[in-house]
Amino acid sequence: MLSLLTAAQAVDLIKDSDTLIVGGNGGTGAAETVLVALEQRFLSGAGPHLLTLINITGVGAVTEKGICHLAHEGMIARVIGGNFGLQVPFMRLVRDELIDAYNFPQGVMSQLCRAMAAKHPGVLTHVGIDTYMDPRQDGGRMNARTTLPLVELVEVLGQQWLLYHVPNPPDFAIIRGTSADEDGYISMEHEGTTREDLSIAQAVHNAGGTVICQVKRIVKRGSIHPQMVKIPGFLIDHVVLDPDQMQTYGTAHDPARCGETRVPAAMIVPDPLNARRVIARRAAFELSPRDVVNLGVGISAMIPNVAAEEGIEDLITLTVESGVIGGVPGHAREFGTAINPRAILDQAYQFDFYDGGGLNCAFLSFAEVDAIGNVNVTRFGDRRDGSGGFIDITQNSKRLVFNGVMTGGKYDIGVEKGGLAIRSDGPIRKFVPEVGQISFSASLALQRGQEVSYVTERAVFQLEEGGITLTEIAPGVRLEEDVLAHMGFRPRISPDLREMDSRIFWPGPMGIAASFAGKQRRTRQIIRGAMR
C-alpha cells in the first residue's frame, strides 16, 4: 500500500550524517517541495547535520531552488556531485573550504548510480584521463581540505583507465515523478526528463535505505500503463504529493516539453541579435546534415534557437546529456528539456552513446583557453562549477566547437550595420597563458584526431599542432586593438585569415538550409581510443 507523507514528515526521517542522493537535472526533475521542507527543518534547529550529498548534476536556478536549499554551513559535510554551477550558494561551501567536495563527470555520476544499485566497486572508464579528474592532477577533488582519493589510475588490457569508486552506501533518495498509483508505481508523463531516478531508487533500496518520491497526483491502482511505469512500487517507501509541482523552474507545464503535443517551429521566437547571438549564429555554420549534436549550457544552448530560425532543426538531431533527443533544447531555466523532443531516454543511456563516440559534433562553453588550446570551465576565479557532462562530451565527440565572449565580466558590445560595435570590453581575460584547471586536454584531442574550433563574437580560432591559430575576424574589428590586445599570448595567425560571414551580423535567416544541400555529413569513427 502507498505510504503518503507530507514533505515535513518525510524529511523528519533523515538523520545526522546520512548519505543522501538528490535527483534532478538542471531546471527540471527536482523534488522542490521536499527540498524546501528539508531546509526549513535545518533552519529550525532540528537538523539534519553533516550529511553526505550525492547529486548527479547541477540542480537549481543558479541563485535559488534545488540544491541551493542545502547551502547551509553545518548541514553538509561532504558532496560528490557532477556540477555545482546551477547552485551558486552551494558552490560557496566548496570554495570557502567548508565541506569536502568531489566533482566527477556527469556521465560517470549517472553510471555510478547503476554501479551502486548492482553493488559494483565503481565505474571503469577512459573519461577524465589527462584532465583534473586524473589522480595525476586533482583526482576530482575541488578544494584543499578534500584529501581522500576516490579515483584510481589503473591499467587493464594494456590501456590506462580511471576507476571512480562508488560512494558510501546511500541512506536516502529524494526523487520525483508525475503520478503514483495506490501501490507506489511511478510514471513520468509530465516530466521533460527521466534522468536516472530508477537507478537511484534501486541503489538506495538495495542498500537498505529509504526512497522518497514527490509526485503531482495519485491515481488508481494498476491504472498506469506498464510501459509508462518508470519506477516499480516496491522501490518507493514514501510518496509526497505536490499538485502544484512545476515541470521546470520556468514553466508550470508545457505539453510540448514532455511529448504530449508538438508545436510548429514558427512559434519559436528568435533570440535578440546581440554578441551572444552572434556567437551562436557563427557556431551554427559548423553543423552538417544528419549530424547528431550535443549542446552545452550558456551560449551553446542558444544554438537550437538559431537552428529553428534557419529551418534546419529537422535536418540534424540535437541532443542534451539529460537524455533528450531531437526537438529544440531549452536554455536557462528550461535547460535539460526540449520543445518537441523525439525521444526521452534515461540519462545513463545517453552517456553510453556519448562515451562510445556517437556524437558527430558538440558545442560547449569556455571560461579560459590557453596557448596550447586547453580549456577550463570548472574552476576559475571564485567559481567551482565542476564539469557536468563537459568531459564526457569533449573527450568523445568527433568535432568540438567551444563558444564564448572574448572577454569576461561586464561588457558593452552591440551589433550594428552588419558588424560589431565594441564600446567597452570586460575586465577579465579569457585567453590566458595557462588555464587554472584542465577541463579539456588539447594534446589528447590532437592525439585522437578531433577537430576543434573556438568561436567568439569577434574572432574564430582552430586547434592545430603547437597551439591555436586565428582563422577568422569579424567585419570592422581591428586585429591588434580588438583581438590580440585582449589575449595573454600571441596565437598563430593564419596566412588565409578571413572575415567572418557577414550574414551573421544581420537579422534574419542566414541561408544555412540552402547550404546544407551541398554539404555531406562529416563522419569519423572512434576505435580503441583513437579517431579516424
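The values are calculated or read from the model by the stated rules, or taken from the named source; none is laboratory data. These numbers come from a predicted model, not from an experiment. Cβ atoms come from the backbone with ideal geometry, glycine included; neighbour counts cover every protein chain shown. Accessible surface is based on the protein model in full, side chains and every heavy atom, while ligands, DNA and RNA are left aside. Shrake-Rupley method; radii C 1.70, N 1.55, O 1.52, S 1.80 Å.
Below, the figures for the structure above:
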{"item": "Single condition Gly326 does not satisfy, out of (1) surrounded by fewer than 21 Cβ atoms within 10 Å (Cβ to Cβ); (2) within 19 Å of the chain's Cα centre (by Cα); (3) on the phi < 0 side of the Ramachandran plot", "result": "(3)"}
{"item": "Subset of segment 497-532 that is modelled with pLDDT of 95 or more and part of a strand (DSSP E or B) - its residue that is most open to solvent (accessible area, probe 1.4 Å)", "result": "Arg498"}
{"item": "Qualifying position, being under 13 Å from Thr178 (Cβ atoms) and either polar (S, T, N, Q) or open to solvent by less than 40 Å² (accessible area, probe 1.4 Å) (or both), among Gln227, Gln245", "result": "Gln245"}
{"item": "Members of segment 162-209 that are in a strand (DSSP E or B) and open to solvent by 30 Å² or more (accessible area, probe 1.4 Å)", "result": "Leu163, His165"}
{"item": "Members of segment 31-49 found to be open to solvent by less than 30 Å² (accessible area, probe 1.4 Å) and either free of Cβ contacts under 8 Å to residues at least 12 places away in the same chain or not in a helix (DSSP H, G or I) (or both), listed by number", "result": "Ala31, Gly47, Pro48"}
{"item": "Residues located in segment 475-488, provided they are crowded, with 16+ Cβ neighbours inside 10 Å, outside any strand (DSSP E or B) and either touching a residue at least 12 places away in the same chain (Cβ under 8 Å) or among the acidic types (Asp, Glu) (or both)", "result": "Gly476, Val477, Asp482, Val483, His486"}
{"item": "Residue in segment 50-64 that is nearest to Gly29 (Cα to Cα), counting only those that are surrounded by fewer than 24 Cβ atoms within 10 Å (Cβ to Cβ) and in contact with a strand residue (DSSP E or B) (Cβ under 8 Å, 6 or more places away or on another chain)", "result": "Val62"}
{"item": "Search result, residues across segment 428-470 that are part of a loop (DSSP other than H, G, I, E, B), small (Gly, Ala, Ser) and open to solvent by 30 Å² or more (accessible area, probe 1.4 Å)", "result": "Gly436, Gly466"}
{"item": "Residues of segment 79-104 satisfying the condition of being without any contact (Cβ under 8 Å) to a residue 60 or more places away in the chain and open to solvent by less than 30 Å² (accessible area, probe 1.4 Å)", "result": "Val79, Gln87, Phe90, Leu93, Ile99, Tyr102"}
{"item": "Segment 388-404, residues that are open to solvent by less than 10 Å² (accessible area, probe 1.4 Å) and either modelled with pLDDT under 95 or not charged (D, E, K, R) (or both)", "result": "Gly388, Gly389, Ile391, Ile393, Thr394, Asn396, Ser397, Leu400, Val401, Phe402, Asn403, Gly404"}
{"item": "Of residues in segment 248-263 being among the hydrophobic types (A, V, I, L, M, F, W, C) and closer than 11 Å to His190 by Cβ, the one surrounded by the most Cβ atoms within 10 Å (Cβ to Cβ)", "result": "Cys258"}
